[in-house]
1. Got a sec? Which of LEU139, LEU157, LEU175 is in contact with an Asp or Glu (Cβ under 9 Å, 6 or more places away or on another chain) and in the same structural domain as TRP85 (by TED's automatic domain parsing)?
2. Name, by its number, the condition in (1) surrounded by 14 or more Cβ atoms within 10 Å (Cβ to Cβ); (2) within 21 Å of PHE91 (Cβ to Cβ); (3) modelled with pLDDT of 90 or more that does not hold for ASP180.
3. With respect to the numbered conditions (1) modelled with pLDDT of 85 or more; (2) of a type in the set (Gly, Ala, Ser); (3) closer than 21 Å to TYR398 by Cβ, which one is the sole condition not fulfilled by SER442?
4. Hey, does segment 107-124 have a residue that's in contact (Cβ under 8 Å) with a residue 60 or more places away in the chain and more than 40 Å from the chain's Cα centre (by Cα)?
5. Looking at segment 414-424, is at least one residue surrounded by 16 or more Cβ atoms within 10 Å (Cβ to Cβ) and either of a type in the set (Asp, Glu) or over 26 Å from SER378 (Cα atoms) (or both)?
6. Hey, can you tell me all the residues within segment 197-232 that are polar (S, T, N, Q) and outside any helix (DSSP H, G or I)?
7. Going by what's in this entry, would SER257 be described as in contact (Cβ under 8 Å) with a residue 60 or more places away in the chain and surrounded by fewer than 16 Cβ atoms within 10 Å (Cβ to Cβ)?
8. ASN135 passes all but one of (1) modelled with pLDDT of 90 or more; (2) over 15 Å from PRO205 (Cα atoms); which number fails?
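The values are calculated or read from the model by the stated rules, or taken from the named source; none is laboratory data. All values derive from a computational prediction rather than experimental measurement. No Cβ is skipped: glycine too gets one built from the backbone with ideal geometry, and neighbour counts run over all protein chains shown.
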Amino acid sequence: MSFLILSLVSTRDPALHSQYSTQVSILSAMELIWNLCEILFVEAAAAGPLLLRLLDWVRLHVCDVDNMVREVLSSENPSKHELFWNVVDVFVLQGRMDEARHLLSKEASANPASMNMYKILDDLMKKMPMPSLGNTQTLTEMELKWQHWHEECQRYLQDGTFASNSHMESICKILLGDEDAILEKKELMTTWYHFLVTRLLYSHPTVKPMELRFYAQSSMDLFLGGESSPEPLDTILMAAFEFEMHQVIKECSIALSNWWFVAHLTDLLDHCKLLQSHNLYFGSNMREFLLLEYASGLFSHHSLWQLGVDYFDHCPEYGRVYLELHIERIPLNTEQKALKVLRICEQRQMHEQVRSICKIMAMKALRNNRLGSALSWSIRAKDAAFATLISDRFLKDYCERGCFSDLDLIDNLGPSMLLSDRLTFLGKYREFHRLYGEKRFSEAAKLLLMLMTAHIAPCSFWMTLLTDALPLLEQKEVIFSAEQTYELMRCLEDLTAGKSDKQKFQDDDVETMKVEMLRLALARNLARVIVKEGTLEGS
């Protein structure tokens, strides 16, 4: 809030000033309601300590006096300052007796003629009984002490002790709980709930929680005097003083701009086991209902949606269902965002959503011709059909360009290549090229032959594989054995025999020349193998 207030003070833009002012007002109202609910519902303060808590509540949220105090004390002659008695009055109205006495001592020093009155008033303020947070005194003892002190104040007022000083006389009337005297300071209190706490302090300091509703209603009526109808904040506070938790939540839901406050307040009350009797209004847990609504709102924000995930995690009944529905609606604008969403789904074992995200990203990558990214996403989705499609695109791209893109990905497929036969072929075919590049010709030859004879390679790619065998067949050293050469010959014949006469007619000269070159190379290799193997047998 301090940041917003700082912005409010520093900005010169009227529109921003208005915006920040509204935000500060809303946050202040939220804090006011929250603190009151803590006192009445969570702490459940008993008679005596209840008044002390309410005094702290008023002092925390009525801060105008601090500016006046600074202004008065910084002046050359504080007791002559025009706001001096206003500050003293506010201190008295808030029960801040030590601070009020300190200021009055300055008045006594500056005006010796009022010294006797000051000492009497100072003594009355000093002796004022206050409830204790501990168990040092019972309520009966407190009430007896307060009654004796009250009678003493009454006696001095009736004797005309303060008649010559209207300010001190007014303070004495406030100490006696005179409602008219307190209402005369209406402008200093600014709110009916400040008036309520001041009234309780000087007329009924041992008020019991269940009596608050009567004092609250009469205080609001007296303070407003029918001049204006209650604001939404007044209605909420009155519901709290009446201990109507459900009504507080309902009114806050209507008055506040989003579900943040009611969701968190309800969560607090639920953890304190205070809402069980109210869950019947919703047919399910009220806490979860409001958290679901708030988290759903977070998901509509471009950056706060990640916070919504945590809220759904804390909704045991419907949280996962809501999360699954909202996850599917998140626009996957960037790969980084997609990875964030994916990590959330994987951590929660949301397998269907994981597959859906991966498929969406794979399709996007494929449309942008980013084959490596598309293959990576399809593998992550464990989508065999899509992995096959992308593998075919890789092979087509290789045929057109003569080299592979995204070599790092293909070289590190590992067990992922088993996702589909085509992906397996892609990985093994890349391995063939790596073996060939490392001049491990025998291993490369075995792998190439295996790709064809095991029917892993698509038929449309056989000619490419046979063409890849040509450099191995032309090596000085015999690489293929007679049996392997026969297998290659059979594959070549199967390839050409499978084509109709019309297809053969349509084949271009390059394909025909490749077939003839292969037949020649295979015949030469077979002859070399027979000679080599025959020589070995003769020796």
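1. Of LEU139, LEU157, LEU175, the one residue that is in contact with an Asp or Glu (Cβ under 9 Å, 6 or more places away or on another chain) and in the same structural domain as TRP85 (by TED's automatic domain parsing) is LEU157.
2. Every listed condition holds for ASP180 apart from (1).
3. Going through the list (1) modelled with pLDDT of 85 or more; (2) of a type in the set (Gly, Ala, Ser); (3) closer than 21 Å to TYR398 by Cβ, SER442 breaks only (3).
4. Restricting attention to segment 107-124, the residues satisfying the condition of being in contact (Cβ under 8 Å) with a residue 60 or more places away in the chain are none.
Scanning segment 107-124, I find no residue that is in contact (Cβ under 8 Å) with a residue 60 or more places away in the chain and more than 40 Å from the chain's Cα centre (by Cα), so the answer is no.
5. Yes, that holds for at least one residue.
6. Answer for segment 197-232, where residues must be polar (S, T, N, Q) and outside any helix (DSSP H, G or I): THR206, SER228, SER229.
7. Details: in contact (Cβ under 8 Å) with a residue 60 or more places away in the chain: yes; surrounded by fewer than 16 Cβ atoms within 10 Å (Cβ to Cβ): yes.
So SER257 passes the test.
8. Result: ASN135 fails condition (1) only.
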